[in-house]
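To start, the structure under review is shown below, and the notes come after it.
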Amino acid sequence: MDAPERKTPNAWRIAVAVLALVALAASTWAWLDARSRIGATQDELARRLRDIETDAREARALARQAQESMREVQGKLADAQSQQAALEALYQELSRNRDEWQLAEIEQVLAIAAQQLQLSGNVRAALLALQLAESRLSRTDRPQFLALRRALARDIERLKALPAVDLPAMSRQLDALVAGVDALPLAFDGRVERVGEKPRQPAAQQGAVAHMAAELWGELRQLVIVRRVDSPEPPLLAPTQAYFLRENLRLRLLSARLGLLARNQGVYQEDLRAAQQWLQRYFDPRARATQAAQAQLRQLQAATLNFEPPPSISDSLEAVRGFKSRRERSSG
């Protein structure tokens, strides 16, 4: 009985020891497994941290590049804005200078036209100057020029309402007459040329004796000339008198031209009348040059003239100068 009882506690101890060993092995394996898992986790965590750090470095590099690019873009934008501002200022300056040049040119044209209008009554030149100024302002099509264009339109209508008299053309006609005075034949010279023997037959149709007799008769007829006088005979002028006659006629025509430009109707009409009388008395009325000169003088004398002072274009000039002064005050 004692032997089996002793065996039972030993088996129990063995079983407990085996269980303890098993438990120890299991706990060891579990510890090792946990350690390996922890190491793997740590490695994974370290790898991920390294990846995150790499990504962070790349992000910081990209951020720096982005900041640098942003600074470059901002610098370029600032340069572009400054260039745009400079271009706008240059455009404004060019536009202002162009307007000033245009206004100065228009003012000069109108001033010359006003002088011509007051000194010589050249309405056509003044009208052309006003129309040129209005055309240039209309091409710009700017609202600030409306008042100036209205003033130009009023002066244009006033000049258009005047009678259409081309004083420069009439003055050129008188100049042409003055230049053609030396070509006008005198009346006595024309009569002498027209008075002569009848045309003789060719020598081939006459005999020798008849030919000599005809020549002798011709010479005798030149010694004595008998003709009928139905009108007062034109005076025989010496060369010096003919010269002074032409010069006096030229002076009469020049005086008529001055009377035309000075709008002196009395002087103009009297000089034309005297020139016609001198042409009729002293120059050959059958010559084409004399007939043409008489026709031109009659045309000039019959023209309807308006010698009243022409209207002024001071409204347009004052409008241009007022606009320039206001522009200079606003820009200053």
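Just so it is clear, none of the values below were taken in a lab; they were calculated from the coordinates. In this text, all values refer to a predicted model and were calculated from it rather than measured experimentally. All Cβ positions, even for glycine, are placed from backbone atoms using ideal geometry, and neighbour counts span all protein chains on display.
Of the listed peptides 140-150, 254-264, 44-54, what is their order by residue-averaged count of other C-beta atoms within 10 Å, with the highest listed first? Please report the intermediate quantities before stating the final value.
Working: 140-150: 13.0, 254-264: 19.0, 44-54: 10.2.
Going by the mean number of other Cβ atoms within 10 Å, highest first, we get 254-264, 140-150, 44-54.
Compute the distance in nm between two label points, each set 7 Å from the Cα along the Cα-to-Cβ direction, one at Ser69 and one at Arg172.
Inter-label distance under the simple model: 7.5 nm.
How far is it, in nm, from the label point at Asp79 to the one at Thr140 when both lie 7 Å from their Cα along the line to the Cβ?
My value for the distance between the label points is 3.6 nm.
If amide hydrogens are placed 1.01 Å from N in the peptide plane, which non-local residues have theirs closer than 5 Å to the one on Leu186?
Excluding prolines and chain starts, which carry no amide H, the hits are Asp284.
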